[in-house]
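Participant: Sending over a structure as structure tokens; questions will come in a sec.
The values are calculated or read from the model by the stated rules, or taken from the named source; none is laboratory data. Since the model is a prediction, treat every value here as computed from it, not as a measurement. Glycine also receives a Cβ, built like all others from the backbone with ideal geometry; neighbour counts cover every protein chain displayed.
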Amino acid sequence: MPSSPVLLETAQAQTQSKASKSDFLPIMVSGLLGLILLYAAGFSDIAPLHNAAHDGRHSASFPCH
Amino acid sequence: MFNLTTFRELVTAALWTGLLAGLLLTAIQQIQVIPALLKAEVYEQNATVVPDAGTSHEHSAWQPENGWERTFFTTVANISLGVGFALLMGAIMHLRTRPDNWRIGLLWGLAGYLTFFVAPSLGLPPEVPGTEAANLEDRQTWWLITVLDTGFGLWLLAFAKTRTNQFFGAVLLAAPHLIGAPQPEVPSSAAPAELAHSFITATVFANAVFWLALGGLMARFYKK
């Protein structure tokens with residue numbers, strides 16, 4: 001992890017700035033990948049997927065069968 | 001432009017976070033969650049011997065054998081959920097700012113716990129197999145609306161600048177519960193109420209640990 005220069009407390013306003021433009025797309029793609037994974041593990045009604053993830057779904061309180 | 005470094009760092013952080021949190025969750029589930037599920041399945045199977053019993057599992061399709069195979073696939077599912085939640089959390093964190101330290105992550109973890117577990121569970125409590133429930137699609141829809149509502153509501157409560165927007169956040173938090181979750185016409189359960197309650201307690205605890213680990217680890221691995 002690259003270390004960043006120590007920010008002053010007063011620079012907190014800066015930290016609230018929007019993520020930089022070139023970061024936007026990777027953030028969105030990562031979020032979308034996360035959603036796809038969650039759908040497969042938590043929601044998909046394909047029977048083998050459901051059965052494999054069954055205990056995990058019950059534990060996470062996802063609506064299941 | 002696509003910042004590949006950001007993408008690589010986010011995905012790497014999420015993979016490690018999901019792996020570790022998923023393994024931790026699997027370990028915790030063995031204490032109370034899995035034993036309760038297995039007990040409930042016995043009740044469910046006994047109940048489905050009766051010809052007119054309504055609920056049953058999909059037994060025709062492949063399913064993992066009880067024992068190590070089942071534990072293995074549950075672990076895979078837990079890690080998948082962990083990585084999925086971590087990717088989503090990392091992305092949402094970054095919309096604000098990359099975290100300073102793991103302690104900030106605990107707050108994000110708490111928000112995730114409230115959004116993805118506590119809020120939907122208020123209307124649709126975690127249930128053991130063999131519990132009569134409303135139509136699956138209706139429950140999934142209510143679950144999804146509740147999660148979106150709660151997530152957005154918490155965001156507004158935490159970050160909105162004006163009182164009006166914060167108030168709107170509070171309204172969003174309450175809305176799905178005022179509407180109410182879809183309930184079965186005749187609630188019934190093959191498992192005794194005591195077992196259903198101990199399952200709820202077990203999941204409340206297991207998911208709290210899971211989410212705090214997710215938040216803390218993700219902030220640690222994805223800090224500035």
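Participant: Which condition from (1) within 23 Å of B:Ile28 (Cβ to Cβ); (2) more than 13 Å from the chain's Cα centre (by Cα) is the one that B:Leu154 breaks?
Facilitator: (1)
Participant: Next question. What number of residues in segment B:80-116 are outside any loop (DSSP other than H, G, I, E, B) and at the interface with another protein chain (Cβ under 9 Å from one of its Cβ atoms)? So that I can check it myself, show each step before the final result.
Facilitator: In the first step, residues of segment B:80-116 are kept if they are outside any loop (DSSP other than H, G, I, E, B); the result is B:80-96, B:102-116.
Checking the rest, the ones that are also at the interface with another protein chain (Cβ under 9 Å from one of its Cβ atoms) come to B:80-81, B:83-92, B:94-96, B:116.
Summing the residues that are outside any loop (DSSP other than H, G, I, E, B) and at the interface with another protein chain (Cβ under 9 Å from one of its Cβ atoms) in segment B:80-116 gives 16.
Participant: Tell me which residues, restricted to segment B:183-224, are modelled with pLDDT of 95 or more and either assigned by TED's automatic domain parsing to the domain that holds B:Leu144 or not in a helix (DSSP H, G or I) (or both).
Facilitator: Hit for segment B:183-224 is B:Tyr222, nothing else.
Participant: Follow-up. Could you identify the single residue in B:Leu107, B:Leu87, B:Leu122, B:Leu114 that is of a type outside the set (Lys, Arg), surrounded by fewer than 19 Cβ atoms within 10 Å (Cβ to Cβ) and over 14 Å from the mean Cα position of the chain (by Cα)?
Facilitator: Every option except B:Leu107 fails the conditions.
Participant: Let me ask you something else. Scan segment B:10-30 for residues that are buried (at least 18 other Cβ atoms within 10 Å of the Cβ) and without any contact (Cβ under 8 Å) to a residue 60 or more places away in the chain and report the count.
Facilitator: Adding up the residues that qualify gives 1.
Participant: May I ask you to verify whether B:Arg163 is among the basic types (Lys, Arg) and not assigned by TED's automatic domain parsing to the domain that holds B:Val118?
Facilitator: yes
Participant: Any residue at all in segment B:68-79 that is within 9 Å of another protein chain (Cβ to nearest Cβ), at pLDDT below 95 and more than 22 Å from B:Gln166 (Cα to Cα)?
Facilitator: no
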